[in-house]
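Notes for the one structure printed next.
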Amino acid sequence: MASTRPLHTLSSTLKQTIPSLVPFIINSHKSNSISFTFPSSSLRQVATFVSFNPSGNFDLSLYDDQENIEVAPPPMPPSEGRYEVVIDNGIIQHLDLSPFQNATGISSPLSAKPKEFMERTIGFTINYKREDKYDLRELSEFPDIRLWFVRLDATYPWLPILLDWRAGELARYAAMLVPHQMSMKMGVVFNPEALELFVMNKVFVVYSWLKQNEIPMPRLKTKDMARMLGFGIGDELFDLIDKNHIDPS
């Protein structure tokens with residue numbers, strides 16, 4: 001069995017893992033941070049990046065003074081020609097998924113053509129007006145926004161593989177669904193166990209979906225998705241999935 005060590009963006013050595021998932025997550029080198037931007041007010045934007053908190057400590061200050069933490073570079077611009085999903089307060093409050101369906105043409109989970117969407121990718125523009133103009137919470141900290149993404153993810157559970165990764169959409173998507181805290185130096189600091197379970201869930205869903213749609217190199221594409229969030233996945237897991245195949249129909 002392969003040993004386990006998630007990729008991480010902190011300078012300290014990471015040695016903690018979830019024992020039940022140990023056989024399937026391989027040793028990996030330290031990853032680069034994943035940067036993305038949350039518009040926290042009309043006057044400023046905060047570039048944040050994904051960090052893995054090995055201690056599981058959630059008593060973090062927004063302005064915690066961690067040593068040897070490198071500030072992430074600004075996120076890359078959106079990919080040219082991507083599908084842009086625009087949502088606002090009304091859409092969010094009504095849990096309305098029609099903007100996603102209209103922008104992408106994906107009217108139902110069965111209507112998506114993976115190859116086309118993987119080439120163009122999908123991104124989100126969130127035009128959210130705060131009730132209190134002095135509310136400086138990031139978008140991923142608003143329960144109503146997160147609930148909209150929870151419904152989106154429940155309807156299209158394979159969506160992460162189609163997102164605009166280079167522009168940070170996968171990291172932002174994960175922040176909507178995984179418990180985390182904000183740190184000015186470390187960016188988005190995920191709960192380590194919650195992130196690990198989220199990644200494993202998406203590995204199961206995405207790999208099976210890619211195979212079902214006969215997409216070339218489904219293992220590599222699924223591994224790339226997991227690596228973007230800091231995890232290397234061993235082939236042992238895919239071997240078990242293939243050996244114990246479940247017919248989706």
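Before moving on, here are some points about what is shown:
- Near pairs, Cβ below 8 angstrom, 6+ apart or cross-chain, from segment 114-127 (exposed (fewer than 13 other Cβ atoms within 10 Å of the Cβ)) to any residue that is in a strand (DSSP E or B): 127/86; 127/87; 127/88
- Boolean, residue 136 is assigned to a loop (DSSP other than H, G, I, E, B), of a type in the set (A, V, I, L, M), out of contact with any helix residue (DSSP H, G or I) (no Cβ under 6 Å at 6 or more places or on another chain) and over 23 Å from residue 222 (Cβ atoms): yes
- Residue match in segment 162-175 (condition: touching an Asp or Glu at 6+ places or on another chain (Cβ under 7 Å) and under 26 Å from residue 88 (Cα atoms)): yes
- Helices (runs of 4 or more DSSP H) fully within segment 167-249 counting 3 or more residues that are over 11 Å from the mean Cα position of the chain (by Cα) and touching a residue at least 12 places away in the same chain (Cβ under 8 Å): 192-212, 218-228, 235-243
- Residues located in segment 226-249, provided they are over 30 Å from residue 190 (Cα atoms) and surrounded by 11 or more Cβ atoms within 10 Å (Cβ to Cβ): 242
- Checked against the criterion of being aromatic (Phe, Trp, Tyr) and within 13 Å of residue 155 (Cβ to Cβ), segment 77-97 has no qualifying residue.
- Subset of segment 192-249 (residues that are in contact with a strand residue (DSSP E or B) (Cβ under 8 Å, 6 or more places away or on another chain) and on the phi > 0 side of the Ramachandran plot): 230
- Of the set (1) in contact with a Leu (Cβ under 8 Å, 6 or more places away or on another chain); (2) surrounded by fewer than 20 Cβ atoms within 10 Å (Cβ to Cβ), all apply to residue 204 but (1).
- Pair list, Cβ under 8 Å, 6 or more apart: segment 84-110 residue in a loop (DSSP other than H, G, I, E, B), other residue charged (D, E, K, R) and modelled with pLDDT of 95 or more: 95/151; 97/151
- Filtered residues of segment 129-159 (kept if over 30 Å from residue 214 (Cβ atoms) and exposed (fewer than 15 other Cβ atoms within 10 Å of the Cβ)): 129, 131, 132, 133, 134, 135, 136, 137, 143, 144, 147
- For residue 105, the test of being out of contact with any helix residue (DSSP H, G or I) (no Cβ under 8 Å at 6 or more places or on another chain), of a type outside the set (Lys, Arg) and at positive phi is passed.
The values are calculated or read from the model by the stated rules, or taken from the named source; none is laboratory data. All values reported here derive from a predicted model rather than from experimental measurement. All Cβ positions, even for glycine, are placed from backbone atoms using ideal geometry, and neighbour counts span all protein chains on display.
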